[in-house]
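Beneath this line is the structure, given in structure tokens, with notes to follow.
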Amino acid sequence: STRVTITRPFWLGKYDVTQKEWRVLMEDNPSKFRGDDRPVEQVTWARAMEFCSRRTQRERDAGRLPEGYAYRLPTEAQWEYACRAGTTGPYAGNLDDLAWYSGTSGVQTHPVGQKRPNVWGLYDMHGNVWQWCLDWYANKLPGGSVTDPTGPRSGSSRVNRGGSWRYLPPFCRSACRNACEPGVRYSFLGFRVALAPVPAD
């Protein structure tokens with residue numbers, strides 16, 4: 001097992017990024033399951049990062065961003081910390097209450113925020129759509145104790161977490177890790193944004 005310590009403050013989106021939010025900044029809608037309040041899906045990792053970059057620019061221009069912070073995808077460690085919200089079991093509560101997964105979804109995405117949030121007020125961390133993370137995927141976590149990990153320096157796939165509308169409960173576990181090549185687009189894969197300190201070069 002790997003013990004992770006997170007020392008830097010960050011915010012995480014309360015919801016998956018919606019199609020309406022996406023359209024405002026990106027001026028298209030790649031999603032299969034259409035609806036303003038449904039999560040945007042069928043977006044590549046790079047397009048998700050581009051959305052974060054555009055949001056950063058918009059909020060900076062409007063004077064709404066704290067100095068030294070930017071929007072980006074959460075690291076895998078940040079994502080799991082936020083998903084667990086202090087819990088240690090497989091899910092952050094009763095899965096049927098929290099998640100649209102294969103047993104509850106009717107084989108489609110659903111508008112964000114309809115299930116119960118975890119105790120930190122974050123919705124759809126389990127199910128609805130898998131969520132891209134910042135990190136390259138490592139087959140094996142490092143073990144021991146790590147602080148503010150950001151994953152390997154390179155790789156062929158990016159991490160995604162959380163399970164989705166078409167997956168069984170084990171894939172929706174807080175600890176379940178998945179990976180996709182960054183150029184893929186799936187109707188079960190979206191993202192949420194993190195607001196985090198810009199790393200020093």
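Identify all residues within the stretch 61-70 that are surrounded by 14 or more Cβ atoms within 10 Å (Cβ to Cβ) and closer than 19 Å to Trp22 by Cβ; write none if there are none.
Start the filter on the stretch 61-70 by keeping residues that are surrounded by 14 or more Cβ atoms within 10 Å (Cβ to Cβ), which leaves 65, 69-70.
Once the filter is applied, which keeps residues that are surrounded by 14 or more Cβ atoms within 10 Å (Cβ to Cβ) and closer than 19 Å to Trp22 by Cβ, the stretch 61-70 yields only Ala70.
Among the residues of the stretch 73-82, is any modelled with pLDDT of 95 or more, farther than 15 Å from Ser174 by Cα and either surrounded by 17 or more Cβ atoms within 10 Å (Cβ to Cβ) or not aliphatic (A, V, I, L, M) (or both)?
Yes - at least one qualifying residue is present in the stretch 73-82.
Please count how many residues of the stretch 1-60 are assigned to a helix (DSSP H, G or I) and open to solvent by less than 30 Å² (accessible area, probe 1.4 Å). Write out each step before concluding.
Step one: of the stretch 1-60, the residues assigned to a helix (DSSP H, G or I) are 19-26, 45-60.
Retained after the next criterion (residues that are open to solvent by less than 30 Å² (accessible area, probe 1.4 Å)): 19, 22, 25-26, 48, 51-52, 56, 59.
Count: 9.
Could you give me the residue pairs with C-beta distances under 6 Å whose first residue belongs to the stretch 53-70 and is at positive phi, whose second residue is surrounded by fewer than 17 Cβ atoms within 10 Å (Cβ to Cβ) and not in a loop (DSSP other than H, G, I, E, B) wherever it lies, and which are 6+ apart or on separate chains?
Final answer for the pair search is Gly68/Pro197.
List, please: which pairs have Cβ atoms under 9 Å, are six or more places apart or on different chains, and start with a residue in the stretch 173-201 that is of a type in the set (Asp, Glu) and end with one that is open to solvent by 10 Å² or more (accessible area, probe 1.4 Å)?
Glu181/Trp45; Glu181/Ser156; Glu181/Ser157; Glu181/Arg158
Return the pairs, sorted by first residue and then second, in which the second residue is open to solvent by 10 Å² or more (accessible area, probe 1.4 Å) and among the hydrophobic types (A, V, I, L, M, F, W, C), the first residue lies in the stretch 75-96 and is on the phi > 0 side of the Ramachandran plot, the beta carbons are less than 9 Å apart, and the residues are 6+ apart or on different chains.
Ala85/Ala92; Ala85/Val119; Ala85/Trp120; Ala85/Leu122; Gly86/Ala92; Gly86/Val119; Gly86/Trp120; Gly93/Val119
Cβ-Cβ distance below 6 Å, separation of 6 or more or different chains: which pairs start in the stretch 7-32 with a residue that is touching a residue at least 40 places away in the same chain (Cβ under 8 Å) and closer than 30 Å to Ser145 by Cβ and end on one that is in a helix (DSSP H, G or I) and of a type outside the set (Val, Ile, Thr)?
Every condition considered, the pairs that remain are Phe10/Gln78; Leu12/Ala82.
The values are calculated or read from the model by the stated rules, or taken from the named source; none is laboratory data. Since we're looking at a predicted model, the values are computed, not measured. So basically every Cβ, Gly included, is an ideal-geometry build from the backbone, and we count neighbours across all protein chains shown. What goes into the accessible areas is simple: the full protein's heavy atoms, side chains included, and nothing from ligands, DNA or RNA. Shrake-Rupley method; radii C 1.70, N 1.55, O 1.52, S 1.80 Å.
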